[in-house]
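Engineer: Pasting a structure here, questions to come.
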Amino acid sequence: MEVFHEVKTKFTGNAVDAEPLSRARVTLKTSGAQYTYGGIHSTCHCILVGRMWLDVHGDIKIEEIGTTRVCNLTATKCGWFSRGWHEVSGQAQDTDGNVTFQIEGKWNEVINATRKIAGPKLVRSGSPKTFPAGVIPLDKTFNDIPDFEVGVPTPVWENITIVCEEEPYCTWNMTDFARKLCFFDDKYRAILPPTDTRLRKDRMALEEKDYATAAVEKLALEEEQRRQKRIREVKGEEWEIKHFVKTTFPQYPEQVWYDFKDNYWQAREERKKAYEAEAEEFVFEER
């Protein structure tokens, strides 16, 4: 999966509206088929007064690259008395423009797909797995995909949220997945690039619930970024991203895209080898 994400925000008094100017490209490993889709609006309400809540709304188009297959989805904007909140609806169409699936559900609970016209059955190499009660099936495979019967709503996505119970992550209601994204140890510290956010001093202080230090470190980082920007402006230099090349998205020439140069993993492997060599030398000296 490749994603270019840029957000345009607007403050409206007691809310912030975020309009994503983004584009994602997903490549399926099994078939090589590629799909692309843009972003969707988000509005965070009551940021100053009242209980804060989030509304996701607008249209999103999922296209299969190289064909005319498309899926149009609409997230309903929350109305009075929470009417329409979280609701999603849409249609998937084949290359002839026929509606093959009706999509309905809620983006915070479950999304169902209902087949509208008969289609080919899935050919499986094994039998679907069975999961005992209370076990969340995180390792579903192709064999576990249900048969879509005409007119029968079938779940295609479920919100599986495993809340982390470890401090301090549970304080912020972070999921276990989010906690794993923040994890690193001394081995990681040695091989991560210096710009990795896991190495930010303000984030580390925040993790220790040292809010005063986190604020100071965050301000220091921002001031350093501004200082370097002023230096580049004086020299007439433009910011260059190290691991990506700025280009345009093939299917959307008007949209900015960044191609991965693949040198990140090479640099990471070099740091890893240097760390391992240093560790071996250290152990030898200790002996």
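Engineer: A 23 angstrom limit on the alpha carbon distance is what I want to check against. Which of LYS246/LYS272; LYS29/LYS261; LYS180/LYS242; LYS8/LYS77 exceed it? Don't skip to the answer; put the middle values down first.
Structural biologist: Numbers: LYS246/LYS272 28 Å; LYS29/LYS261 20 Å; LYS180/LYS242 25 Å; LYS8/LYS77 19 Å.
From the list (LYS246/LYS272; LYS29/LYS261; LYS180/LYS242; LYS8/LYS77), the Cα-Cα distance tops 23 Å for LYS246/LYS272; LYS180/LYS242.
Engineer: Would you work out which of VAL150, TYR188, TRP239 lies farthest towards the positive end of the dipole of the chain? Charges go on Cβ: Lys and Arg +1, Asp and Glu -1.
Structural biologist: Selected residue: VAL150.
Engineer: To continue, here is another question. Efficiency by 1/(1 + (r/R0)^6): what FRET value for GLU167 and THR9, r their Cβ-Cβ distance, R0 = 51 Å, to the nearest 0.05? If you can, show how the numbers build up before the last one.
Structural biologist: Values: r = 31 Å, r/R0 = 0.62.
For R0 = 51 Å, the calculated efficiency reads 0.95.
Engineer: Let me know the shape class of segment 141-193, please: from the alpha-carbon gyration tensor, a ≥ b ≥ c as square roots of the eigenvalues, rounded when a/c is under 1.5, otherwise prolate if a/b is greater than b/c, or oblate.
Structural biologist: Values: a/c = 5.06, a/b = 2.15, b/c = 2.36.
Oblate shape, in that a/c is at least 1.5 and b/c is the bigger or equal ratio.
Engineer: If you don't mind, there's one more thing I want to ask. Taking only Cα atoms and a 10 Å spring cutoff, compute GNM fluctuations for the chain and point out the largest among ASP59, ASP94, ASP262.
Structural biologist: Of ASP59, ASP94, ASP262, the Gaussian network model singles out ASP262 as fluctuating most.
Engineer: For segment 4-93, give the magnitude of the charge dipole about the Cα centre (Cβ charges: +1 Lys/Arg, -1 Asp/Glu; no others), in debye to the nearest 20.
Structural biologist: Working: 10 positive and 8 negative charges, 19 e Å.
It comes to approximately 100 debye.
Engineer: Kindly state, to the nearest 0.05, the FRET efficiency for ILE231 paired with VAL99, given R0 = 51 Å and r defined as their beta-carbon distance.
Structural biologist: Working: r = 56 Å, r/R0 = 1.10.
E between ILE231 and VAL99, to the nearest 0.05, is 0.35.
Engineer: In addition: Run the accessible area of segment 153-287 with a 1.4 Å probe and give the carbon-and-sulfur part as a rounded percent.
Structural biologist: On the way: 5800 of 10820 Å².
Carbon plus sulfur share of accessible area: 54 percent.
Engineer: Also, quick follow-up: Cross-link partners among aspartates and glutamates for LYS10, C-alpha distance below 19 Å, same-chain residues fewer than 8 apart left out?
Structural biologist: GLU19, ASP55, ASP59
Engineer: Report the charge-dipole magnitude of the chain in Debye, nearest 20, computed about the Cα centre from +1 at each Lys and Arg Cβ and -1 at each Asp and Glu Cβ.
Structural biologist: Details: 41 positive and 48 negative charges, 131 e Å.
Dipole size: approximately 620 debye.
Engineer: Subtracting the Cα-Cα distance from 0.36 nm times the residue separation, let me have the gained length for GLU223 to GLU278 in nm, one decimal. Write down the numbers at each step before the final one.
Structural biologist: Numbers: separation 55, 0.36 × 55 = 19.80 nm, distance 3.41 nm.
Residue separation times 0.36 nm, minus the Cα-Cα distance, leaves 16.4 nm.
Engineer: Suppose R0 equals 35 Å; then what is the FRET efficiency for VAL49 and ASP185 from their Cβ-Cβ distance, rounded to the nearest 0.05? Write down the numbers at each step before the final one.
Structural biologist: Details: r = 42 Å, r/R0 = 1.20.
For R0 = 35 Å, the calculated efficiency reads 0.25.
Engineer: Rounded to the nearest Å, what's the spacing between the alpha carbon centres of segment 1-80 and segment 198-266? Just the number, please.
Structural biologist: Segment 1-80 and segment 198-266 have Cα centres separated by 23 Å.
Engineer: How big is the dipole moment of segment 223-276 about its Cα centre under a simple scheme where the beta carbon of each Lys and Arg is +1, that of each Asp and Glu is -1, and everything else is neutral? Debye, nearest 20, please.
Structural biologist: Numbers: 13 positive and 12 negative charges, 52 e Å.
Dipole of segment 223-276, to the nearest 20 debye: 240 debye.
Engineer: Also: For the chain, what is the accessible area per residue in Å² when the probe is 1.4 Å?
Structural biologist: On the way: 20830 Å² over 287 residues.
With the other protein chains kept in place, the chain gives 73 Å² per residue.
Engineer: The list (i) 33; (ii) 38; (iii) 15 gives values of percent of Cα pairs over 35 Å apart, and only one came from this structure; which label was calculated from it?
Structural biologist: (ii)
Engineer: What shape does segment 157-227 take by its C-alpha gyration tensor, where a ≥ b ≥ c are the square roots of the eigenvalues and a/c under 1.5 counts as rounded, a/b above b/c as prolate, and the rest as oblate? Provide the component values of the computation, followed by the final result.
Structural biologist: Numbers: a/c = 2.08, a/b = 1.59, b/c = 1.31.
Verdict is prolate for segment 157-227.
The values are calculated or read from the model by the stated rules, or taken from the named source; none is laboratory data. Keep in mind that this is a model prediction, so the values were computed, not measured. With ideal geometry, Cβ positions are generated from the backbone for all residues, glycine too; neighbour counts draw on all protein chains shown. All accessible areas refer to the heavy atoms of the entire protein, side chains included, with ligands and DNA or RNA removed. Shrake-Rupley method; radii C 1.70, N 1.55, O 1.52, S 1.80 Å.
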